[in-house]
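J.: Next up is a structure, given as C-alpha cells.
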Amino acid sequence: MNKRVAAILADVFRLRAGDVHPGLKKEDVGGWDSLTQMDLVMSVEREFDIELAIGDIVRLVSVADIIAVLKEKGVSLED
C-alpha cells in the first residue's frame, strides 16, 4: 500500500492509516460522498502534481481504482 495514497485517504475521509487497504471501496466509507470525492480529487492532484479528467474522477471509487488511475497517469507509487 502506497503511503502517500493511504495518507490522502486517511486525511480526506478521517480514517486511521491502518484502516486504508487496497480492497477499501466507496461503499465501505460512510463519509465518502460527492463533497469528499472532490476533496479527494484535489488532494490527489496536488500530492502527485497531476490533472485528472472527468473520466478519471468518476473512476475514483476504491483504493485499487485510485492506484490504477495514478499508474495510468505515469505516477510512480513505489514507497
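The values are calculated or read from the model by the stated rules, or taken from the named source; none is laboratory data. Here the structure is a predicted model, which means the values were calculated and not measured. All Cβ positions, even for glycine, are placed from backbone atoms using ideal geometry, and neighbour counts span all protein chains on display. SASA here: full protein model, heavy atoms, side chains in, ligands and nucleic acids out. Shrake-Rupley method; radii C 1.70, N 1.55, O 1.52, S 1.80 Å.
J.: Calculate, for the stretch 3-72, the solvent-accessible area per residue in square angstrom, rolling a 1.4 angstrom probe over the heavy atoms of the protein chains.
T.: Numbers: 4130 Å² over 70 residues.
Roughly 59 Å² per residue, with all protein chains present.
J.: What size of dipole, in debye to the nearest 20, comes out for the chain about its Cα centre when the only charges are +1 on Lys and Arg C-beta atoms and -1 on Asp and Glu C-beta atoms?
T.: Values: 10 positive and 15 negative charges, 30 e Å.
That gives a dipole near 140 debye.
J.: State, as an integer percentage, the relative contact order of the stretch 3-72 based on alpha-carbon contacts under 8 Å between residues 6 or more apart.
T.: 35 percent.
J.: Something else now. Once every Cα of the chain carries one equal point scatterer and solvent is ignored, give the base-10 log of I(q)/I(0) from the Debye formula at q = 0.17, 0.19 Å⁻¹, two decimals.
T.: Here the Debye-derived log intensity ratios amount to -0.57, -0.73.
J.: Out of the total accessible area of the stretch 3-72 (probe 1.4 Å, heavy atoms of protein only), what percent is carbon and sulfur?
T.: Values: 2200 of 4130 Å².
C and S fraction of accessible area: 53 percent.
J.: Please go through the chain and write out the GluC sites (Glu not before Pro) that DSSP classes as loop and that have at most 14 other C-beta atoms within 10 Å.
T.: Working: sites: Glu27, Glu45, Glu47, Glu51, Glu72, Glu78; in loops: Glu51, Glu78.
Filter output for the chain: Glu51, Glu78.
J.: Roll a 1.4 Å probe over the protein heavy atoms and report the accessible area of Met38 in Å², nearest 10.
T.: 90 Å²
J.: Please compute the length gained on full extension between Asp33 and Ala10, using 0.36 nm multiplied by the number of residues separating them and subtracting their Cα-Cα distance.
T.: Details: separation 23, 0.36 × 23 = 8.28 nm, distance 1.48 nm.
Between Asp33 and Ala10, full extension yields an extra 6.8 nm.
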